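Visitor: Provided herewith is a single structure, encoded as structure tokens, for subsequent inquiry.
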Amino acid sequence: MNEHDVISGRPLHIQIVSTYYAPETTGNAPYVTSLSRGLAALGHEVSVIAGAPHYPGWRILPADEWMADEVTSGVHVQRVTSYVPRNPTFPTRVLYELGFGLRLAAQCRSDVDAVLLVSPSLFGSLVVRARLAAKRSDLPVIVWVQDLYSAGVAETPGLAARVLGAMVAALEGTLLRSATAVAVIHDRFREFASGKLRVRGDAVTVIRNWTHVTFPGAVDRLAVRERMGWTRPGEVVVVHAGNMGAKQGLENVVDAARFAEEQRLPLRFVLLGDGNQRAVLEERAKGCQAIEFIDPLPGDSFMETLAAADVLLVNERPSLREAALPSKLTTYFVTGRPVLAATDSTSTTADEIRASRAGRIVPPADPEALATAAIAIAREWTTEESHAGPAHVERVLSEQAGVTQFESLLLDAVSKDREFVGRERAK
């Protein structure tokens, strides 16, 4: 008997609950979106309850750019609105997540085969999990962990953060241990979940985030650089794409740009995207000609811009080790451009760079080292090395593999639930 026989030959009805979803293009939204559409393409009935699009700008997009209720690519999507802090702090973030959690929970159905909760948001997921447990205690629930909240809080400098981290760990552990199964995006996350959060090892599955972009193929790098105004002879262009938030620690990049300008190094740093720290960073960079800020770009324009860069940058605050694996890496690798990671050498990000062989690691919060390494990697990067990123994508970061793993995880959770219910009825 196979898993499909257990569910009587019919497709699953899967409900996905996520604060983030398309048209948001950064963070976990692209993965949630492509997973839901991938499962629908396999024949499953997929419904999504999501927040109104607001990330990474921390403001809800104009109403004409999204719909509150629609069916797209075979997926029924309902969106809810709630409080969105303009400049999130930990207290306002908790309120924001609880607000969305209450609104999302109100829309949840219990007459589905399985529910997939996406964290972040942690506090929103806790609210939804409690509501589902009250409605139907035997409903299979899978939690998809994109960031480790408790690690992120604990890795913030200061005694208060460590105390708060222990409290958040208790909540995060409670959520994960209550789930039928837990999906995490890296082996380091599994070790943290089963070790520090005391989740059963056999309940945790690693499913890697996949590359969700399409590379446009051959790119006229000179034409793109001309269009972007990157025309200074011998200039090395370093692009950081995505969210400009606290954990990125992008003050280091601004300071590296100032160092490059003072030393007359042929460097241009580009911060491409948005986030709650952008205004602060722009103020810090005022008057510096070696750095520029670019609003988010659509589709092919975004990928062409990355391909036209000399170096693609990941920058993390020094204390960040276990909490996150930047989603931008899956996009960076596909371009074949060298990736420079300013991160702790023991971090999850550093592990990924070493595994991919697609870049170099430089100490965090060291502007001079960042500037020097950017020039070095741009000049030393070989044609052979340029194949490492795409090869890593093909080997371990394919969308098809990720969707298939999730389908198996969901089928397994539902089959185990059916077997349990059957045994209970037989008693």
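The values are calculated or read from the model by the stated rules, or taken from the named source; none is laboratory data. Small disclaimer: the values here were computed from a predicted structure and weren't measured. FYI the Cβ positions are ideal-geometry reconstructions off the backbone, even for glycines, and counts take in every protein chain you see. To get the accessible areas, we keep the full protein, side chains included, count just its heavy atoms, and leave off ligands, DNA and RNA. Shrake-Rupley method; radii C 1.70, N 1.55, O 1.52, S 1.80 Å.
Visitor: I'd like to check one number: the per residue accessible area of the chain, probe 1.4 Å, reported in Å² as a whole number.
Guide: Result: 42 Å² per residue.
Visitor: Would you mind classifying segment 90-197 by shape? Square roots of the alpha carbon gyration tensor eigenvalues, ordered a ≥ b ≥ c; an a/c under 1.5 is rounded, otherwise it is prolate if a/b is larger than b/c and oblate if not.
Guide: Values: a/c = 2.37, a/b = 1.45, b/c = 1.64.
Verdict is oblate for segment 90-197.
Visitor: Can you pull the percent of the chain's accessible area that's carbon plus sulfur, 1.4 Å probe, other chains left in place?
Guide: C and S atoms contribute 53 percent here.
Visitor: While we're on this one: Using alpha carbon coordinates only, what is the Rg to Rh ratio of segment 59-104, with Rh defined as the Kirkwood radius?
Guide: The Rg/Rh ratio comes out at 1.06.
Visitor: If you place +1 on the Cβ of every Lys and Arg and -1 on the Cβ of every Asp and Glu, how big does the dipole about the Cα centre of segment 121-189 come out, in debye to the nearest 20? Could you put the intermediate results ahead of the total?
Guide: Details: 7 positive and 5 negative charges, 59 e Å.
Magnitude of the dipole: close to 280 debye.
Visitor: Another question about this same structure. Need one value: the accessible area of K286 in square angstrom, 1.4 angstrom probe, rounded to the nearest 10.
Guide: Here the residue's solvent-accessible area equals roughly 130 Å².
Visitor: Something else: Once the Cα atoms of helix 299-308 and of the chain are each reduced to a long axis, what angle between those two axes, in degrees from 0 to 90 to the nearest 10, is obtained?
Guide: Helix 299-308 sits roughly 40 degrees off the main axis of the chain.
Visitor: Let me ask something else about it. Would you mind working out the magnitude of the charge dipole of segment 248-342 relative to its Cα centre, with +1 at each Lys and Arg C-beta and -1 at each Asp and Glu C-beta, to the nearest 20 Debye?
Guide: 200
Visitor: Of all DSSP beta bridges located in the chain, what percent are antiparallel, nearest 5?
Guide: 10
Visitor: Placing unit charges on C-beta atoms (Lys and Arg positive, Asp and Glu negative, everything else neutral), compute the dipole magnitude of segment 321-404 about its Cα centre in debye, rounded to 20.
Guide: Dipole magnitude for segment 321-404 comes out near 100 debye.
Visitor: Towards the positive end of the charge dipole of the chain, with charges on Cβ (+1 Lys, Arg; -1 Asp, Glu), say which of G249, S82, F259 has the farthest Cα.
Guide: The Cα lying farthest towards the positive end belongs to S82.
Visitor: Next question. Name the long-range amide H neighbours of G359: under 5 Å, sequence gap of 5 or more, or other chain; modelled H, no Pro or chain starts.
Guide: Result for G359 returns V339.
Visitor: Let me ask another. Across segment 271-418, what fraction of all alpha-carbon pairs, as a whole percent, falls in each successive 5 Å bin from zero upward?
Guide: 2, 8, 15, 18, 20, 16, 9, 5, 4, 2, 1, 0, 0
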